[in-house]
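The values are calculated or read from the model by the stated rules, or taken from the named source; none is laboratory data. Computed from a predicted structure; not experimentally measured. Using ideal geometry, Cβ is built from the backbone for each residue, glycine included, and neighbour counts are taken over all protein chains shown. The accessibility values were calculated without ligands, DNA or RNA, using every heavy atom of the protein model including side chains. Shrake-Rupley method; radii C 1.70, N 1.55, O 1.52, S 1.80 Å.
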Amino acid sequence: MVAAGKSLFGKLWFRVLLGLILGIAFGFIIGPMKADNPLGIDGATLLTVYVQPVGTIFINLIKMVVVPLIFFSLVAGITSMTNAEAFKRIGLKSVGAYLMTGAFAVCIGLIFGTVFHPGLNAPLATLKAHAAPLAAVSAHEFSMIELFVNMVPTNIIEAMASDNILQVVVFALFVGVTLNKLGDHVRNLTAIVQQSAQVVFKMIEMIVQFSPYGVFALMSWAVGTQGTEILYALAKLVGTVLGALFAQYLLFGLMIIVFGRMSPMPFYRKMVEPQLLAFSTSSSKATLSTAMRVVNERIGVSKTSTSFVLPLGTSINMDGTAIYLGICALFFSQAYGITIDAHHYMVLILTATLGSIGAAGIPGGSLIMMGMVLQSVGLPLEGIALIAGVDRILDMLRTTVNITGDSVITMLVDKSEATFNKRLYYDMEA
């Protein structure tokens, strides 16, 4: 029993789960505390001043290595594929699969929004009382051409400094392809890139060990200061999003059965650790290093696919976000009594798919993209403020779906390349 206990506490996923549960409990207990106590400080202030900074440090540590991780892992993944045809084939498979699953995810969201009518008779006056300020939210008329033009950076240093992940991805792909074309002439530089990727992976491995404490701080602050009042006001929206996300989660298992011809159970069991981290941090980028380790070492995906396909997925594939954007658009159209016709549905599928690609992959990033989606079908932007209060809660759930979808596609692409380790996949001791 003791040995089993030590073994369990030695697992990161268990410590993250423990931090998550204890954080929620601590927030519920401390949050309502009044200032009439020996400390002379109320619970919300205590959590904000003394507890939240621990979580902020954790998130800052992650943000510190996000850009190096994306850049070096993509370049290293490309340079490891010396066969130009293989690189082209894997790249096309990955991008095609990600776009298809993203568009299908939007359709799932629209179906759930149409069937369950989450915005019908929504008490807008009550919701507006909880509305967050719109100062940080902006949108302009949607332009696909502008989206693609903005993917190419004019200043890569500025793109890295401003966390413009799509521009970093484009530059990394360009660098990787160029290094491959130069071949032996830049063998030393290629080796440095590969070694730099290893350094970044080790740094993130060290940061992730701090995750149980960061998760505890983030969850206790969120629960203790934000409470659940706004969640009750938007219960129908939350329930609809939950149902759609769960349907997408089950769909991933169906994809493994149909396209991978394998049982999805080993995948679901082994993905618990990155899913818990995604749930608690609400960031696909924060979970990337853990997902890469699990996908490679436990699920059996080759290092080449792990280094190239998975980082690419966290930058352009966000199925949970796509579902969320679709449902929220219908929620506000129903709440405001604005009719959505077949043409608008097509526009929503397109803009929500591209909006999920453009989302920053960090907590709250989807709120900015929602402005583009709402604007594309003529819905008022004030709707964004109405759900900002519960966005954090829903963000945790959709991020879990995002990283799960990225990992499924990575595994299926790797299997199609005949580099997948099926024996390791079914080895539950791995």
Hey, rough spin-label estimate for residue 422 and residue 121, points 7 angstrom out along Cα→Cβ, what's it come to in nanometres? 5.4 nm
Can you grab the distance from the C-alpha centre of region 255-282 to the C-alpha centre of region 55-99, Å, no decimals? 19 Å
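Can you work out the FRET efficiency for the pair residue 242 and residue 25, with r the C-beta to C-beta distance and R0 = 22 Å, to the nearest 0.05?
E(calc), rounded to 0.05, equals 0.50.
Going from most exposed to least, what order do 268, 336, 324 have by accessible area with a 1.4 Å probe? List each step's numbers first, then the result.
Numbers: 268 40, 336 65, 324 0 Å².
These residues rank, largest area first, as 336, 268, 324.
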Measure off 7 Å from each Cα along the Cα-to-Cβ vector at residue 265 and residue 36, then give the distance between these two points in nanometres to one decimal. 5.7 nm
Please name which of 241, 275, 260 has its Cα lying farthest along the dipole of region 240-311 towards the positive end, using unit charges on Cβ (Lys, Arg +1; Asp, Glu -1) and the Cα centre as origin. 260
Stretched out fully, how many nm does the piece from residue 114 to residue 254 gain, at 0.36 nm a residue minus the Cα gap? 48.1 nm
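What length, rounded to one decimal in nm, is gained on full extension from residue 86 through to residue 205, with 0.36 nm per residue of separation minus their alpha-carbon distance?
Between residue 86 and residue 205, full extension yields 39.9 nm more.
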Counting only protein heavy atoms and rolling a 1.4 Å probe, one gets per residue an accessible area for region 195-340 in Å² of 33 Å²
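Largest first, how would 210, 116 line up by accessible area (1.4 Å probe)? Don't jump to the answer; show the numbers that get you there.
Numbers: 210 65, 116 105 Å².
Output order, biggest surface exposure first: 116, 210.
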